[in-house]
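Taking it in order: structure first as structure tokens, then the write-up.
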Amino acid sequence: MIERIIIKNYKHFQYLDLHVKEDMNILIGDNGTGKSTIFEAIHLALTGVIRNRPVYQEINPFFFNKCITNDFIGNAQKCREDQLEHVPPSPPSIHIELYLTNTTDQDLNKFRGSENMESKDCIGLSFNIEFDKKYEDEYEEYIQNEEISLIPTEFYMMEWKTFGGHIITPRAIPFKSYLIDSNGSAFSNLPQKHFMGIIDNTLDKKQRANLAVLYREYKEQFSRHEEVIKLNDSLNEKKQGSFSQDDPKKLALSLDVSRNTSWETAVNAYIDNIPFENIGTGAQNMLKTIYAVQNRKEKQTILLMEEPENHLSFTNMRQLVTRLSELSEGQQVFVSTHDSYILNKLHLDNLILLSSTENSAMDQLSEDTVSYFQKLPNYNTLRFILSKKVILVEGPADELIVTKCYMDNNGGKVPLDDGIDIFSVNGLSFKRFLDIAILLEIKTFVVTDNDGNYEDNIEQKYKGYKDHSFIHICSDSNYRLKTLEPQFLYKGSNFEKLKNILNRSESSIEELEKYMETNKTDWALSVFLDTTEKFEYPEYIIDAIR
């Protein structure tokens, strides 16, 4: 299987070096960080296919990274301005390398060599889109054109090589690659052809041969049908008025039985008597995935799935993820997602986080932390991972008060307006989120109660975490004010203001404290919605938003 991917000058990436696992890999990142480009590059290097078409039919200047294109155009301009000092710029190339797992398999050992960017003895292959030297004269003429704005891909060629330097075709690669785009963009034009291709690959040689023979027999029967014979006779009678009387050629309509036509282009798949392309997109993707991961006939499978949650109900998504986990053993799977359920269920330690400048792996998380999020799959882990600044609070009341404090101190803006996320999580799970924050260096503020013992519940509990400059534990050391309710109630003139907005004018401060502790969300919501009173906030909350 693939253990490392290097992409150079292809679309989003000027250079990417990505290490992956041999079983499950989950790619996440903001829009535009290159998840689709990685999937496309892997599939392209293994199959020579992009958007269901051969790459030589699809190659265009926009395959190249924008920075590389701009450099090429700039150098071409310099060449025209001073022909004596500048030689024509070398046309840039696209380079994709797939490093494969070291093995004693003889089929893979044919791919061993040191002709790779690392110059190391490895098993792998490279795919290149590069300038074809037979167009040198045309290229030099092109460079003198004052209107150059793109790379001239008409002068380019494609080539696959093993790390041993041997030129190969995708047919020689001992892997099957399936790219399933749940957005539908990759298969919107040819859903039937793609699905029948998957079906074809799940059949063994004998089954395929029998189906091909049966299909040819039916096509031959068509031409022998009585009505077809009459039709052809009629066509030849009409021909007599247009062609020479002694022309021996006869016109006939029949089905193509030549070898370059195959059954999967004509045979259709039906689901409950409905053609495959007419069933829902979610059902299409479910079937594509299941048949793809079940294929173990001749070659190992690499499955690339983009956002499997799209077009699926939550129930069907659960079924798909469960099925994917069951069937992926012995196959390599790449999944991109924006759904926390999928992320948690398929294991956080399989996560690869992509940003605009780098990538990070999550396989350093402890098994306890991974297991925690897997057991609580609805936690919004993904949102936390993609955040830049985070405030963690213990519950809905804390979230409301912290948000209100932020608004009062920032001209009415909510934290999200400034790129700050507030997460309400169980206090026992703070450390689980902090484990992730340490790996990804997410600036994280924990707003928490001291629960009557600041030394044990704050100082000792978070001792290892406070050493990191991007982690801040915000709590009050007064053990008498052990939760948010007394902290807020006893601050300045809040007691009188709370009696007013909570309609408890006759309550003593002790009675109001008991009421607030019993009705945590209600009192906090009243404070949050009130637009007339100016409240004072506990210092540890001020510290967090400051």
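In table form, for the structure just shown:
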| item | result |
| --- | --- |
| Burial ranking of peptide ranges 387-393, 109-115 (average Cβ count within 10 Å, highest at the top) | 387-393, 109-115 |
| Protein-only accessible surface order, largest first, of E217, E141 at 1.4 Å | E141, E217 |
| Rounded accessible area of F13 (nearest 10 Å², 1.4 Å probe) | 20 |
| Distance between region 500-516 and region 21-51 - C-alpha centres, whole angstrom | 58 |
| Cα gyration tensor category, rounded, prolate or oblate, for region 334-413 with a/c compared to 1.5 | prolate |
| Accessible surface, per residue, of region 108-165 when the full set of protein chains is kept, probe 1.4 Å, Å² | 54 |
| Sequence-separation-based contact order of region 381-529, relative, with Cα cut under 8 Å and 6+ spacing, percent | 24 |
| Cα gyration tensor category, rounded, prolate or oblate, for region 402-546 with a/c compared to 1.5 | oblate |
| Relative contact order [Cα under 8 Å, 6+ residues apart], region 1-116, whole percent | 36 |
| Relative contact order (%) - region 52-177, alpha-carbon pairs under 8 angstrom, separation at least six | 28 |
| Entries of K443/K497; K35/K389; K466/K520; K11/K413; K345/K463; K176/K205 with Cα pairs more than 26 Å apart | K443/K497; K466/K520; K11/K413; K345/K463 |
| Three-way shape call for region 49-127 based on the alpha-carbon gyration tensor, with the a/c threshold at 1.5 | oblate |
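The values are calculated or read from the model by the stated rules, or taken from the named source; none is laboratory data. Since we're looking at a predicted model, the values are computed, not measured. Backbone-built Cβ (ideal geometry, glycine too); neighbour counts: all protein chains shown. When the accessible area is computed, the model is the full protein with side chains, heavy atoms only, and any ligands, DNA or RNA have been set aside. Shrake-Rupley method; radii C 1.70, N 1.55, O 1.52, S 1.80 Å.
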